[in-house]
Ligand SMILES: Cc1cc2nc3c(=O)[nH]c(=O)nc-3n(C[C@H](O)[C@H](O)[C@H](O)COP(=O)(O)OP(=O)(O)OC[C@H]3O[C@@H](n4cnc5c(N)ncnc54)[C@H](O)[C@@H]3O)c2cc1C
């Protein structure tokens, strides 16, 4: 019997993880990637001898990655070495110049909180207990499963759990119930930006994000997050996956209700199954025939995208022993900052930002006596209003000034590179350059998120941040299991 051929468009973490699962299940798998290297958003950039992760810098929910390796009879530890951060991050509050170390040890964190905001600990403990409940319910009932019909999703128990996890309340309002101190409200809600959402519109269920950080830890792969990409690629190759880079797919060839091939550089690569790891709105708009009904994928205009990011990678000519691996700076007016990015779609006057100095943990990432400084600023996804050729140099100046205030000195003359939403759109074909994919507001999660299978082209599937269950490294890896399960179930049923 001939093996079924699966062609995967894109070698992001979602594409690689799906290729591993399908190859293990016996399919003949080819991955076609437009860029010269794999990893997509989880890639590597070299600047003046420093190695930077280009996108993700924090690994949460380690067990999701472990599951991928164990599902194919391997051990994660044999492919990549993970270290748990003791201090998750230091938060600097622009509003009054104070700072707080958020550790992954709840007792130590309670101690820090008590010093920082006397009387805050009981509220924190209740917040964490509730967030743990949200996490367990959300994962088991909504994240780890495929919903193929509204009837499967809208069951009475699920409706109960949606209400019980405060899905209809905003994360900002939720935190206000536990923390009278506005700084702590900000400290335990900014994490919604990992999903490209402001706390004001993020469902309260995403309190699960600070919970996973504290209770399960933030992990760092030795060699940087790119080591995870390398681990997945190595495993895929071991399982016989054909990984072809520098291959930009031009179209999926469809006849009737089935995809027959994937067209790349004029060649038709035959396929029994096509899985697109390229961003879902882009796939519908650019790779699939436009005359197909788009049930459950309404036109991209009515889809809400998450925010984007501006990234600055500075190869600093000296070390910063006082710097934390992860630092978060919260603007002096966090509400105005969120309003600018998420409502007004303009650049904030005093931006919040995140700084990663991974070479503090792994000295192999920077030359001796130097540190690499990665800065991420949340900004609106691509809109007509922002002209990045003039906005980017201005933002760079603001970031450098902020880094100076944070103790990094004057980095203005250091070698550096920056990336804007326009870059992300062109480099990874991300719709509107939205760094975290489609937003995760209530109407775009669970059953309501664009499905991982095309409704009318029955052998076309999706995996990655803009389909179910959502964005972020662990979610995309869980998503690869959901997608592979649908592929294999459909093949089993002919
Ligand atoms: C700056 C930044 C910071 C982040 N930080 C974190 C973090 O700390 N922790 C975390 O968990 N998550 C983080 N994320 C989110 C996380 O990186 C993503 O959710 C995840 O990597 C997405 O993986 P993916 O497989 O869905 O897509 P991608 O990484 O986008 O992969 C899709 C691949 O498809 C390729 N492709 C597109 N079109 C074509 C085509 N026509 N032909 C062939 N190939 C094509 C692209 O080149 C790309 O390689 C961050 C993201 C960004 C951008």
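The values are calculated or read from the model by the stated rules, or taken from the named source; none is laboratory data. Model, not experiment: these values are computed from the prediction. With ideal geometry, Cβ positions are generated from the backbone for all residues, glycine too; neighbour counts draw on all protein chains shown.
In table form, for the structure just shown:
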{"read-out": "Condition check for residue 466: away from the ligand (no atom under 16 Å from the Cβ) and touching a residue at least 40 places away in the same chain (Cβ under 8 Å)", "value": "no"}
{"read-out": "Restricting region 21-34 to residues that are more than 7 Å from the ligand (Cβ to nearest atom) and in a loop (DSSP other than H, G, I, E, B), the residue that is surrounded by the fewest Cβ atoms within 10 Å (Cβ to Cβ)", "value": "26"}
{"read-out": "Count of region 217-241 residues which are within 14 Å of the ligand (Cβ to nearest atom) and farther than 18 Å from residue 81 by Cβ", "value": "1"}
{"read-out": "Sole residue being in contact with a strand residue (DSSP E or B) (Cβ under 9 Å, 6 or more places away or on another chain) and part of a loop (DSSP other than H, G, I, E, B), chosen from 41, 74, 90", "value": "41"}
{"read-out": "Count of region 149-205 residues which are outside any helix (DSSP H, G or I), in contact (Cβ under 8 Å) with a residue 24 or more places away in the chain and under 22 Å from residue 434 (Cα atoms)", "value": "9"}
{"read-out": "Residue match in region 2-14 (condition: in a helix (DSSP H, G or I), assigned by TED's automatic domain parsing to the domain that holds residue 244 and within 13 Å of the ligand (Cβ to nearest atom))", "value": "yes"}
{"read-out": "Qualifying residue in region 394-410 (condition: modelled with pLDDT of 95 or more and within 15 Å of the ligand (Cβ to nearest atom))", "value": "yes"}
{"read-out": "Lone qualifier among 37, 18 - being touching a residue at least 12 places away in the same chain (Cβ under 8 Å), surrounded by fewer than 23 Cβ atoms within 10 Å (Cβ to Cβ) and near the ligand (Cβ under 10 Å from one of its atoms)", "value": "37"}
{"read-out": "Filtered residue count, region 364-373, keeping only those that are in a strand (DSSP E or B) and either surrounded by fewer than 23 Cβ atoms within 10 Å (Cβ to Cβ) or at pLDDT below 95 (or both)", "value": "0"}
{"read-out": "Residue within region 27-35 that is closer than 30 Å to residue 269 by Cβ, under 18 Å from the mean Cα position of the chain (by Cα) and either at pLDDT 95 or above or not assigned by TED's automatic domain parsing to the domain that holds residue 140 (or both) present", "value": "no"}
{"read-out": "Hits in region 44-57 (condition: at negative phi and in contact with a strand residue (DSSP E or B) (Cβ under 7 Å, 6 or more places away or on another chain))", "value": "44, 45, 47, 50, 51, 52, 53, 54, 57"}
